[in-house]
Amino acid sequence: MVAYAGRTVQLRRCEIAGSRSGGALAASGALAASIEFAESFVPEDAVLATARSRAAEVGCVPIGPGGGATLRMLAATLGARSVVELGTGTGVSGVWLLRGMRPDGVLTSIDVESEHQRLARQSFVEAGFASSRFRLINGRALDVLPRLADASYDLVLVDADKTEYSDYLTAALRLLRPGGVVAMDNALWSGRVADPAARDPESVALREVAKLVRDHDELVPALLPVGDGLLVAVKQA
Ligand SMILES: C[S@@+](CC[C@H](N)C(=O)[O-])C[C@H]1O[C@@H](n2cnc3c(N)ncnc32)[C@H](O)[C@@H]1O
């Protein structure tokens, strides 16, 4: 494992081979440097830095900068007008998403903690978004999701209760238009998903949902080793 951006990640197979041949320090140093470079490749501005410090104050872990940049790129690629986010937090992922969406796009974001959403609202306003661009719904994701319309969304970001990810996937498949994308953060869970000995409920649930996404007939998946792992899949048209 190597540490970066406050997390630890498992070494790739080639890095482990490097350590067997005596090059462990150089290999892990090179991997850490590459990850650091990739994570900071698209820099964050003062608005995102403030949203991150609010997250630290309330004890919520936002998506990393590399994941945020990936979300913005996906939203722009999709020409996203309608996005659903499960787990608003203090608005780090929301700011990235809104910055990639069309200028008339609306982000619907659900969180069980009203205080987190109050802070996210501040982040969105500071980023210059009119209140018509975001809809914050307070409540448990699984209670709120049935109120959202079928096949109406371009992108669904999943970043709430890890043990409920499989249920969120079922909801996302209903909500997404053909060609829409589901993205799930924390898909690697600091190396625990890849470790079969890790049997805590979150690791088990994340492993299960990864398999469901990978094997689903309607989905074209990829597991991106960005940040803490971003599992993405396109719903086939
Ligand atoms: C990891 S944080 C989200 C971070 C945010 N996506 C970001 O990157 O800025 C997880 C959020 O999910 C919320 N949450 C946890 N369980 C939930 C549930 N069952 N329904 C809705 N929100 C939930 C927490 O209150 C927390 O704000």
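The values are calculated or read from the model by the stated rules, or taken from the named source; none is laboratory data. It should be emphasised that the depicted structure is a prediction, and the values quoted were computed from it without experimental measurement. Backbone-built Cβ (ideal geometry, glycine too); neighbour counts: all protein chains shown.
Structure notes:
Residue-wise test of (1) at pLDDT below 95; (2) in the same structural domain as Val226 (by TED's automatic domain parsing); (3) of a type in the set (A, V, I, L, M).
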site: Gln10; (1), (2), (3): yes, no, no
site: Ala51; (1), (2), (3): no, yes, yes
site: Pro62; (1), (2), (3): no, yes, no
site: Thr70; (1), (2), (3): no, yes, no
site: Leu74; (1), (2), (3): no, yes, yes
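- The one condition from (1) in contact (Cβ under 8 Å) with a residue 24 or more places away in the chain; (2) more than 8 Å from the ligand (Cβ to nearest atom) that Thr77 does not meet is (1).
- Output for the stretch 84-95, where each listed residue is of a type outside the set (D, E, K, R) and in contact with a Gly (Cβ under 7 Å, 6 or more places away or on another chain): Thr88, Val92, Ser93
- Where Ala197 falls short, out of the listed (1) within 17 Å of Leu71 (Cα to Cα); (2) surrounded by fewer than 22 Cβ atoms within 10 Å (Cβ to Cβ); (3) of a type in the set (A, V, I, L, M): (1)
- Output for the stretch 202-237, where each listed residue is within 30 Å of Ala33 (Cβ to Cβ) and part of a loop (DSSP other than H, G, I, E, B): Pro225, Val226, Gly227, Asp228, Gly229
- Checking each residue in the stretch 143-162 for being part of a helix (DSSP H, G or I) and surrounded by 16 or more Cβ atoms within 10 Å (Cβ to Cβ) picks out Val144, Leu145, Lys162.
- Any hit, the stretch 60-70, residues being touching a residue at least 40 places away in the same chain (Cβ under 8 Å), farther than 14 Å from Asp185 by Cβ and either crowded, with 24+ Cβ neighbours inside 10 Å or not hydrophobic (A, V, I, L, M, F, W, C) (or both): no
- Selection count where residues are within 12 Å of the ligand (Cβ to nearest atom) and outside any helix (DSSP H, G or I), scope the stretch 108-142: 10
- Residue in the stretch 169-176 that is in the same structural domain as Ile63 (by TED's automatic domain parsing), among the small types (Gly, Ala, Ser) and surrounded by 17 or more Cβ atoms within 10 Å (Cβ to Cβ) present: yes
- Positions within the stretch 163-197 being away from the ligand (no atom under 16 Å from the Cβ) and part of a helix (DSSP H, G or I), in sequence order: Leu173, Arg174, Gly191
- Any hit, the stretch 136-154, residues being in the same structural domain as His116 (by TED's automatic domain parsing), among the hydrophobic types (A, V, I, L, M, F, W, C), more than 27 Å from Ala76 (Cβ to Cβ) and over 15 Å from the mean Cα position of the chain (by Cα): yes
- Flag if Ser152 is touching a residue at least 24 places away in the same chain (Cβ under 8 Å), among the polar types (S, T, N, Q) and within 19 Å of Leu175 (Cα to Cα): yes
- For the stretch 34-55, residues that are within 16 Å of the ligand (Cβ to nearest atom) and either touching a residue at least 12 places away in the same chain (Cβ under 8 Å) or more than 17 Å from Phe124 (Cα to Cα) (or both) total 10.
- Count of the stretch 208-237 residues which are buried (at least 17 other Cβ atoms within 10 Å of the Cβ) and modelled with pLDDT under 95: 0
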